[in-house]
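Trainee: Just passing along the structure, written as C-alpha cells.
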Amino acid sequence: MALGYDLDTLDPYASGFLTDVQSTFLEPLVYPDENAKFQPALAVEVPTLANKGIRITDNGKKMIVTYKLRPGVKWADGEPVTSADVKFTWEAIKDPKYLGPEKDGTEEIERIETPDPLTAVIYYKQIFSGFKSALFSYGILPKHVLEGKDLNKDPFWDKPFGAGPFRVTEFKRGQYVIVERNPNYWRKDAAGNQLPYIDRIIFKIIPNTNTTVTQLKSGEVNFAYNIPFTLAPSIDNVPGLKVINAKTLAFRHLTFNFKNEFLKDLNVRKAFAYGVDRDSINKALGGYLKPLNTFVVSSFDFASNAVPIYKYDPAKAKAALKEAGFNPGPDGIMVKDGKRLSLKFMTQAGRAEYELAQQVIIAQMKAVGVELIPDNKSGAALSDARRKGGYDVWYSGWITPADPIDSYVSFYTTKGFNNGSGYSNATVDSFLEKASQTLDPSLVTLYMARVQNQVLSDLATLPLFEAPQIIAVTEKLQNFKPNPTNQTNFRNTSDWWLKK
C-alpha cells in the first residue's frame, strides 16, 4: 500500500492525517460503509430512536445512547473487550493532560455508565447529532494496556494493537508500517472461516505522488489512493492494475488566515473569489473535479443554493482590491501604505494535484495584482501549520464523515480545532451549535442554510470543487469497496482477499 503522507503517529486521536493504518488495527463501535451508511462493528447494532438505542430526556434537551457490545470479542492479546474499554477511551482522550487534538465528541458527554461488561450507556449533555462520527468511530482503546500510562509518549504507539483485523508489528518512521493478521479477530465469514484472509499489509510512506505512480507501474506498490488526476491516464492500461474513479465526501478549498493584516479585509478575500478561475484549474487537473459554490457537497440533502455566487471576473477582483485601498505597484503587484500584497501560499508538499492547482492559482492571482509565494509543508509540519494558522492562504481538501455537522463545527466555529484561520462569527457559531444539537433533518437543513450563507458571505473559505478519488489496485485484490467518508478505504480490510 502507498501511504501518500509522512505519517506522524499511529495514535488516531493525535494524528493530523486520515487514519488509514489505524483503521486496520482499531475497531470502532459503528462505522460508515461504502454507501456512507452506518453499520455495527463492536456494537451489536447502530443505536437509533426506533430501536431505543437513543433516548431523548430532559424535555428534549439531552440524550442517552446505549451500545450493546458483541460477546466474545477479544483484543489482539487475547483479553476480552468490555464496556470498561469504551468508558476508558472517553476518559483518556478527554483528559486535559492528553495533548492529542482529536477530542471531538468528548466534551458533549456527561458520563458513561457500564452496568455490565457488554453494555455502555452514554449520557450526553445535549442532543448531539454527530455522535456516530465522533470519538468512538476512530476505534476503542484497550484499558488493560493503557490505563495509568501517558498516552502522549507511551511506547504502545510504536507497535499498537486493538480489536481490529490486524496489529502493528513494525513502524519505521518516514519509511513504512507493517500490520499482520490478528489471530484473535472476532469476525468470521459466511462459511465460519476466521477473518482476515490476508496475512500482512505493508504501508509504504511515499509523500511524493509521482513516486507512487512510478512504483505502481513497476509493481513495487499494489494499492494507492488519491492518484493525481493528471497522472491517472498513465496507469489506465498498466497490466495487472485496476483504476477506480470513486465518489467521495471530499471538497477542495482555499482558506484565508484572518490574522493576516491584508486578509482581514473582506475585499481582499473577494479578490480571490473573483480572481480564481475554477474551469482553468479543473482543465489543468484533467477535468475530474466538479465546481462547488458551498462547502457542503451535493451528496448531502442540506447542501444550499442560497449562497453568494462568485463567478470568475478579473475586473471585479481588481475593483475589490481598489476598494480595499490598493493600487498597482511598479511590478504590477498591488500596494497599500507602501506594502506589497504578497502572501505565503501553503499546500501539501509532494502532492502533485495540489501543487499543480497551486501554480495555476498563483498565475491567476498575479494577473489581478496579488503575489502568492509557495510555502509548502508535509507531515507534522503541515498538520501543525493548518491547525495553528501557519499560512496566509491555504489550498487543500477536506473529507467529512457520513454525519458531517461536527466537521463543519471544527472547520468554521470560533473554537473549532481545525479552524487555524482565526475566523469567528457569532451567527455561524450559534447555528452550527443548533444543527449539531438536533436529530430532525428538516431543522438541520434550515440551520445549515443559514450557516452556508454566512460563511460564504464572510468568505471564511472559498470552496472550489467536489473531488472524487482515483484509486489504483492490483487486479488480484478482491472485495475491496471504496469508502467515500473520512473513515478511509481500510475499514473493511478483513474481507479482502487475493487471487493467486
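Trainee: Look at S298 and say whether it is open to solvent by 20 Å² or more (accessible area, probe 1.4 Å) and under 24 Å from the mean Cα position of the chain (by Cα).
Mentor: Answer is yes for this residue.
Trainee: Additional query: Quick test of your reading of the structure: E475 fulfils all but one of (1) under 23 Å from G240 (Cβ atoms); (2) modelled with pLDDT under 95; (3) of a type in the set (D, E). Name the failing condition by number.
Mentor: Only one criterion is unmet by E475, namely (2).
Trainee: Right, A319: among the small types (G, A, S) and touching a residue at least 40 places away in the same chain (Cβ under 8 Å) or not?
Mentor: No; evaluated as a whole, the condition is false for this residue.
Trainee: Which of the numbered conditions does Q487 fail, given that it passes all the others? Conditions: (1) at pLDDT below 95; (2) open to solvent by less than 10 Å² (accessible area, probe 1.4 Å); (3) over 20 Å from the mean Cα position of the chain (by Cα).
Mentor: Status for Q487: all satisfied but (3).
Trainee: So which residues in region 1-15 are at pLDDT below 95 and open to solvent by 10 Å² or more (accessible area, probe 1.4 Å)?
Mentor: G4, Y5, D6, D8, T9, A14
Trainee: Can you say whether I281 is surrounded by 22 or more Cβ atoms within 10 Å (Cβ to Cβ) and closer than 30 Å to R450 by Cβ, as far as the supplied structure shows?
Mentor: Considered against the rule, which asks whether it is surrounded by 22 or more Cβ atoms within 10 Å (Cβ to Cβ) and closer than 30 Å to R450 by Cβ, I281 comes out as yes.
Trainee: Condition first: within 29 Å of the chain's Cα centre (by Cα) and either assigned to a strand (DSSP E or B) or over 25 Å from Y5 (Cβ atoms) (or both). Can you find one or more residues in region 348-358 that meet it?
Mentor: Looking through region 348-358, at least one residue is within 29 Å of the chain's Cα centre (by Cα) and either assigned to a strand (DSSP E or B) or over 25 Å from Y5 (Cβ atoms) (or both).
Trainee: Based on what the data block shows, is S23 outside any loop (DSSP other than H, G, I, E, B), out of contact with any His (no Cβ under 9 Å at 6 or more places or on another chain) and touching a residue at least 24 places away in the same chain (Cβ under 8 Å)?
Mentor: Here the answer is yes, as S23 does meet what is asked.
Trainee: Do we have any residue at all in region 133-147 that's open to solvent by 30 Å² or more (accessible area, probe 1.4 Å), outside any strand (DSSP E or B) and farther than 23 Å from V81 by Cβ?
Mentor: Looking for residues that are open to solvent by 30 Å² or more (accessible area, probe 1.4 Å), outside any strand (DSSP E or B) and farther than 23 Å from V81 by Cβ, one finds none in region 133-147, hence no.
Trainee: Looking only at region 198-256, which residues are part of a strand (DSSP E or B), within 17 Å of R351 (Cβ to Cβ) and open to solvent by 20 Å² or more (accessible area, probe 1.4 Å)?
Mentor: K204 - this is the single residue of region 198-256 that is part of a strand (DSSP E or B), within 17 Å of R351 (Cβ to Cβ) and open to solvent by 20 Å² or more (accessible area, probe 1.4 Å).
Trainee: Return the only residue of A50, A43 being under 24 Å from Q437 (Cα atoms), open to solvent by 70 Å² or more (accessible area, probe 1.4 Å) and of a type in the set (A, V, I, L, M, F, W, C).
Mentor: Answer to the check: A50.
Trainee: A follow-up question, please. May I ask you to list the residues in region 152-188 that are of a type in the set (V, I, T) and under 26 Å from A43 (Cβ atoms)?
Mentor: Within region 152-188, V168, V179 qualify.
Trainee: Can you tell me which residue is farthest from G100 (Cα to Cα) among those in region 137-150 that are of a type outside the set (D, E) and more than 22 Å from the chain's Cα centre (by Cα)?
Mentor: H144
Trainee: From (1) assigned to a loop (DSSP other than H, G, I, E, B); (2) in contact with a strand residue (DSSP E or B) (Cβ under 6 Å, 6 or more places away or on another chain); (3) open to solvent by 30 Å² or more (accessible area, probe 1.4 Å), pick out the condition that doesn't hold for G369.
Mentor: Only one criterion is unmet by G369, namely (3).
Trainee: Residues in region 158-172 that are touching a Leu at 6+ places or on another chain (Cβ under 8 Å) and open to solvent by less than 10 Å² (accessible area, probe 1.4 Å): how many?
Mentor: Final tally of qualifying residues: 6.
Trainee: Tell me, yes or no, whether region 76-90 has at least one residue that is farther than 30 Å from I227 by Cβ, part of a loop (DSSP other than H, G, I, E, B), in contact with a Phe, Trp or Tyr (Cβ under 7 Å, 6 or more places away or on another chain) and open to solvent by 40 Å² or more (accessible area, probe 1.4 Å).
Mentor: Checked region 76-90: at least one residue is farther than 30 Å from I227 by Cβ, part of a loop (DSSP other than H, G, I, E, B), in contact with a Phe, Trp or Tyr (Cβ under 7 Å, 6 or more places away or on another chain) and open to solvent by 40 Å² or more (accessible area, probe 1.4 Å).
Trainee: Write out, first by first residue and then by second, each pair whose Cβ atoms fall under 8 Å of each other, whose residues are 6+ apart or on separate chains, and whose first residue, in region 448-459, is among the charged types (D, E, K, R) while the second is open to solvent by 30 Å² or more (accessible area, probe 1.4 Å) and assigned to a helix (DSSP H, G or I).
Mentor: Close Cβ pairs (under 8 Å, with a partner that is open to solvent by 30 Å² or more (accessible area, probe 1.4 Å) and assigned to a helix (DSSP H, G or I)) amount to R450/T427; R450/F431; D458/L266.
Trainee: Looking at region 50-65, is at least one residue within 24 Å of F156 (Cα to Cα) and either in contact with a Cys (Cβ under 6 Å, 6 or more places away or on another chain) or among the hydrophobic types (A, V, I, L, M, F, W, C) (or both)?
Mentor: no
Trainee: Sticking with this one: Select, from K68, K52, the only residue that is part of a loop (DSSP other than H, G, I, E, B) and out of contact with any Asp or Glu (no Cβ under 6 Å at 6 or more places or on another chain).
Mentor: K52
Trainee: Which of the numbered conditions does S494 fail, given that it passes all the others? Conditions: (1) farther than 29 Å from A271 by Cβ; (2) open to solvent by 10 Å² or more (accessible area, probe 1.4 Å).
Mentor: Going through (1) farther than 29 Å from A271 by Cβ; (2) open to solvent by 10 Å² or more (accessible area, probe 1.4 Å) one by one, S494 breaks only (2).
Trainee: While we're looking at this one, here's another question. With the requirement that a residue be under 30 Å from D331 (Cβ atoms) and within 12 Å of the chain's Cα centre (by Cα), what does region 364-407 give you?
Mentor: S396
The values are calculated or read from the model by the stated rules, or taken from the named source; none is laboratory data. From a predicted model like this one, the values you see are computed outputs, not experimental measurements. Backbone-built Cβ (ideal geometry, glycine too); neighbour counts: all protein chains shown. These accessible areas exclude ligands, DNA and RNA; they are computed on the full protein's heavy atoms, side chains included. Shrake-Rupley method; radii C 1.70, N 1.55, O 1.52, S 1.80 Å.
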